[in-house]
Amino acid sequence: MLPIFVCEDNKIQRERLVGYINDAIMFEHYDMEIVKVSGNPDEILEVVQQQNGLGLYFLDIDLNHPEFNGFELAKEIRKFDPRGFIVFFTTHAEMTYLTFTYKIEAMDYIVKDNLSDVKERVRACLASVQERMTDDPDTSSYFTYHISDKKVIHEKIDDILFFETSPKIHRIVMHSKNRQVEFYAKMKQIENSLGEPFYRCHRSFLVNKNNISEVDTKTGTITMVNGEECIASNKLIKGLQL
């Protein structure tokens, strides 16, 4: 899941922007979620530091803050997320050149004046990000799985705990550190698409060895770093070398 951050100090514009984003996510079934909305850049940075991963950022330029404008906020974000997607909002089209002055790579620069144009530009940004994530050559760090023509799971490998078969036929449940997602697939498909550090410890479980905290060979229980448990067969548990 791609986290989205919105920093806009005007309440009306902030709520309108959030509405545009949520509508696009719902309509297109993107694997994205708004995790922080604020007019205070300090609050945005606090959450960005905790996320420590790829994100999408919609940043107003004219923030009423003693230390940060949108460009300065983007520079700080880049320290924690150098590959993140940044979109700037402003009422001043002539300020575009400052992205070069601050040496910030932005994917778009949207002027707020035309509301219908803003809505379409926001939708276009989300579609572009979704396409980039799907085509990202760095597939070793993400698990990307097409559920349908429009919906894609995009999860950081380091965050995945294990996959298990669902009681529902032909469905798999992905357990990650932050969420659980159920989708149509076969365990063999998932196993074939992932190499190390994933290990098929049971016909119903595919586990990320890097996120195991304890293996009980007597009970066949595997405890993950967040306390969740899965099971291993007597034969396959021997392949887990911690």
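The values are calculated or read from the model by the stated rules, or taken from the named source; none is laboratory data. It should be emphasised that the depicted structure is a prediction, and the values quoted were computed from it without experimental measurement. All Cβ positions, glycine included, derive from the backbone under ideal geometry; neighbour counts span all protein chains shown. Just the protein is used for accessible areas: all its heavy atoms, side chains included, with ligands, DNA and RNA removed. Shrake-Rupley method; radii C 1.70, N 1.55, O 1.52, S 1.80 Å.
Looking at LEU54, LEU63, LEU45, just one residue is within 24 Å of VAL181 (Cβ to Cβ) and assigned by the TED database to the domain that holds VAL129, and that residue is LEU54. Consider the range 172-225 and keep the residues that are surrounded by 13 or more Cβ atoms within 10 Å (Cβ to Cβ) and in a loop (DSSP other than H, G, I, E, B). The one that is modelled with the lowest pLDDT is ASN178. Within this structure, SER116 passes the test of being small (Gly, Ala, Ser), under 24 Å from ILE21 (Cβ atoms) and either open to solvent by 50 Å² or more (accessible area, probe 1.4 Å) or assigned to a loop (DSSP other than H, G, I, E, B) (or both).
This table checks each residue for (1) out of contact with any Asp or Glu (no Cβ under 8 Å at 6 or more places or on another chain); (2) at pLDDT 85 or above.
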| residue | (1), (2) |
| --- | --- |
| PHE58 | no, yes |
| ASN64 | no, no |
| LEU73 | yes, yes |
| ARG78 | yes, yes |
| ARG83 | yes, no |
| THR101 | yes, no |
| ARG121 | no, yes |
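Contact map, the range 178-202: residues that are closer than 29 Å to GLN50 by Cβ and not assigned by the TED database to the domain that holds GLU229 paired with residues that are open to solvent by less than 20 Å² (accessible area, probe 1.4 Å) and of a type in the set (Phe, Trp, Tyr), Cβ distance under 6 Å, separation 6+ or inter-chain. No pairs are found. Any residue in the range 206-221 that is farther than 12 Å from ILE160 by Cβ sitting within a Cβ distance under 9 Å of a residue that is assigned to a loop (DSSP other than H, G, I, E, B) and not hydrophobic (A, V, I, L, M, F, W, C)? List the pairs, counting only those 6 or more apart or interchain. Pairs that qualify, where the first residue is farther than 12 Å from ILE160 by Cβ and the partner is assigned to a loop (DSSP other than H, G, I, E, B) and not hydrophobic (A, V, I, L, M, F, W, C), are SER213/ASN226; SER213/GLY227; THR217/ASN234; GLY220/SER233; GLY220/ASN234. Per the listing ILE77, ILE12, ILE34, the residue uniquely in a helix (DSSP H, G or I) and surrounded by fewer than 22 Cβ atoms within 10 Å (Cβ to Cβ) is ILE12.
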